[in-house]
Amino acid sequence: MNDLAGALERWRAAGLLTGDQAAAIAAFEQAPATAPTRSTTGAEAIGYVGGALALGAVGLLLGNVWSDLLIWGKVAILVLLTVALGGAGLALTSKSVPSIRRLSSVLLTATVGGVAWTAATVASDLLAWQDAAVATTVGGAAAVVAVVFYAMRQRALLQLALVASVLVLVVSLVSHAQLPSRPVWYGLLVASVGAAWLIASRGGWLSPTIVADIAGSGLVLIGAQVATIDPRNVLTIGAGVVVAGLIVGVAVRADMLHLLVVGAIGVFVLLPQLVFEIFGDVVSAPAVLLIIGLLLVLLSVGLGRARHLIVDGRKTSATLGGLL
């Protein structure tokens, strides 16, 4: 502070600053640092607690009388809850307060869940449809509402609700087809939805892109894992390993840490399965250890290339927090 006072005096004497300007600078430097802005407000906390209490009370009430209610009573309760959640979520329109945006996102996502529950109740209890038709109705209704909300407010939770709804809809539609009931078909379908989501993310059609990248690549790997269940052979497992390796390669080349983590998890899960399938129990343990060691080396290379994402940890955390 003494150095600053001396510098200000020299600058004032040289005519670079007036006495008032020098005093203002000294006062500014001596003032305590501004306290960080709270990211969670009382309104957000009260909203979460109130919503949890309300849902708990409804759960206890419905648990006792739900089976005795007439179908129209059930539908009326679900519609009332869904409309209340949606109205509250749409009423919170602040764009400048992160906590209000998060609360709105949670409420609108819960509204999508309420629509799905209502559709399931109507289709199964009122219309007595079969499981595939019920799933199609649930996925379709939830997808429509999720699309509308996501178009209005592109938030992470709404995007996840949308991709989940689309996945249920697509899988249920395929269930109507006369295809053999084998995991490989469903695995390929889930992987296809994930690939389409990843392409849309890379094309700039989905936001936030980090969430879209993780959701798309995660679904691709989940689909690959499901496809390896039956028939379980080297070809299907090897295809999954190749897909996971491609995700890792793209992530390393493009310095995308989030994709690197997803791809590395896929390789860690699928590659040991391939080793066991090829070598059995003869050399499986040493081979798996060797593979894990090599994967750790690869992961360290990827993390090194993505070091700018790690060094600026506070910025990344703030970005991820704002996605909700």
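Over the range 148-279, Cα pairs under 8 Å with separation of 6+ residues give a relative contact order of 22 percent.
Just the C-alpha atoms of the range 241-281: what Rg/Rh do they give, with Rh taken as the Kirkwood radius? Spell out each step's value before the answer.
Working: Rg = 11.5 Å, Rh = 10.4 Å.
My calculation of the ratio gives 1.10.
Ligands, DNA and RNA are left out, and with a 1.4 angstrom probe the accessible area of the range 137-177 is 41 Å² per residue.
Counting protein heavy atoms only, the range 192-266 has 76 percent of its accessible area on carbon and sulfur, 1.4 angstrom probe. So, counting K/R as plus one and D/E as minus one, what does the shell of residues with Cβ under 13 Å around Ala195 add up to? Net charge in that neighbourhood comes out at 0. For the range 92-150, just say rounded, prolate or oblate: build the C-alpha gyration tensor, square-root its eigenvalues into a ≥ b ≥ c, call rounded for a/c under 1.5, and beyond that prolate if a/b exceeds b/c, oblate if not. Cα axes put the range 92-150 in the prolate bin. Sorting 74-80, 157-163, 207-213, 84-90 by their mean Cβ neighbour count within 10 Å, with the most densely packed peptide first, gives 157-163, 207-213, 84-90, 74-80.
Rolling a 1.4 angstrom probe over the protein heavy atoms, how many square angstrom per residue are accessible across the range 192-238? The partial results should precede the final answer.
Working: 2010 Å² over 47 residues.
Heavy-atom accessible area per residue stands at 43 Å².
Listed values for the range 198-204 are Karplus-derived 3J(HN,Hα) couplings in whole Hz (6.51 cos²θ - 1.76 cosθ + 1.60, θ = phi - 60°), namely 5, 5, 4, 5, 5, x, x, and x replaces Gly and Pro.
The values are calculated or read from the model by the stated rules, or taken from the named source; none is laboratory data. This one's a predicted model, so the numbers in the text were calculated from it and none came from an experiment. No Cβ is skipped: glycine too gets one built from the backbone with ideal geometry, and neighbour counts run over all protein chains shown. Just the protein is used for accessible areas: all its heavy atoms, side chains included, with ligands, DNA and RNA removed. Shrake-Rupley method; radii C 1.70, N 1.55, O 1.52, S 1.80 Å.
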